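Q: Starting off with a structure, shown below.
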Amino acid sequence: IEFEYDQSKYHLKDVIRGKIFFLLVRIKIKHMELQILKREATGSGPNLYNETQPITKFEIMDGAPIKGETVPIRFFLEPYEVTPTFRTIHNKFSVKYYLNLVLVDEEERRYFKQQEITLWRKELKHHYDPFAKPLSG
């Protein structure tokens, strides 16, 4: 199974596009889910605390795929409350996001494939308002 996305960095209101390719199907897949996970880490060293929270989860396929099948992915981030990715702020805090593909077989065994994504916030462009009061200094 190959898991491909158009990019690894997304704006908070962006669209995740990708494809899942079934090159070889050895297990009997019952269904497939896609999740967005938020992983927060606080503290450092022995006092490190990790918390993983699912942002959303949805089923993208029901039934067994055939060899050579491709499943397109199109996922809008705007409806979900996500924050930008933060990496090791003062070596005490980080927020990371992951796309988690979950395959469930006929015996209810779960197989995972995970990929980290970076979320960012655009700068707001300040526009000139001719009716705004001038700032007095």
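Q: When N counts the residues of the stretch 50-120, how does its alpha-carbon radius of gyration compare numerically with 2.2 N^0.38 Å, as a ratio?
A: Details: Rg = 15.5 Å, N = 71, 2.2 N^0.38 = 11.1 Å.
Relative to the rule-of-thumb radius for its length, the stretch 50-120 sits at 1.39.
Q: While we're here: Ignoring ligands, DNA and RNA, what percent of the 1.4 Å accessible area of the chain is carbon and sulfur?
A: Accessible surface attributable to carbon and sulfur in the chain totals 52 percent.
Q: Less than 12 Å Cβ to Cβ from Glu78, Lys/Arg counted +1 and Asp/Glu -1: what total charge do the surrounding residues give?
A: Charge balance near Glu78 sits at -1.
Q: Testing the spin-label approximation: label points 7 Å from Cα along Cα→Cβ at Glu108 and Val15. State their distance in nm.
A: Result: 3.8 nm between the two label points.
Q: Local charge sum around Gln7 (other residues, Cβ-Cβ under 10 Å, Lys/Arg +1, Asp/Glu -1)?
A: Surrounding charge for Gln7 is 0.
Q: Net charge within 15 Å of Glu40 by Cβ-Cβ distance, Lys/Arg positive one each and Asp/Glu negative one each, not counting Glu40 itself?
A: Neighbourhood net charge equals +2.
Q: For the stretch 25-73, what's the radius of gyration and Dmax over Cα atoms, in angstrom?
A: 16.9, 47
Q: In addition: Quick one: compute the contact order of the stretch 1-46, relative version, from alpha carbon pairs under 8 angstrom and 6+ residues apart, as a percent.
A: Relative contact order of the stretch 1-46: 35 percent.
Q: Something else about it: Please compute the contact order of the chain in relative form: average sequence separation of alpha-carbon pairs under 8 Å and at least six residues apart, divided by the residue count, as a percent.
A: Once normalised by length, the contact order is 30 percent.
Q: Sticking with this structure for a sec: Of Lys19/Lys92; Lys28/Lys96; Lys13/Lys96; Lys30/Lys122; Lys13/Lys67; Lys13/Lys57, which pairs sit farther than 28 Å apart, going by alpha carbon to alpha carbon?
A: Lys19/Lys92; Lys28/Lys96; Lys30/Lys122; Lys13/Lys67
Q: Taking the Cα centre of the chain as the origin and placing charges on Cβ (Lys, Arg +1; Asp, Glu -1), which of Ile29, Thr42, Leu101 is farthest toward the positive end of the dipole?
A: Most positive-ward Cα: Thr42.
Q: Could I ask something else about it? Please give me, ordered by residue number, the trypsin sites (Lys or Arg not before Pro) of the stretch 13-107 that lie in loop per DSSP and have at most 14 other Cβ atoms within 10 Å. Walk me through the numbers on the way to the answer.
A: Numbers: sites: Lys13, Arg17, Lys19, Arg26, Lys28, Lys30, Lys38, Arg39, Lys57, Lys67, Arg74, Arg87, Lys92, Lys96; in loops: Lys13, Arg26, Lys28, Lys67, Lys92.
In loop regions of the stretch 13-107 (DSSP not H, G, I, E or B), the sparsely surrounded trypsin sites (Lys or Arg not before Pro) are Lys13, Arg26, Lys28, Lys67, Lys92.
Q: Taking just the alpha-carbon atoms of the chain, what radius of gyration and Dmax come out, in angstrom?
A: Here Rg and the maximum Cα pair distance are 20.0, 72 Å.
The values are calculated or read from the model by the stated rules, or taken from the named source; none is laboratory data. Please read these numbers as outputs of a predicted model, since none were measured by experiment. Because the Cβ atoms are built from the backbone with ideal geometry, glycine has one as well, and the counts that use them run over all protein chains shown. Note: accessible area is taken over every heavy atom of the protein model, side chains too, but ligands, DNA and RNA are not part of it. Shrake-Rupley method; radii C 1.70, N 1.55, O 1.52, S 1.80 Å.
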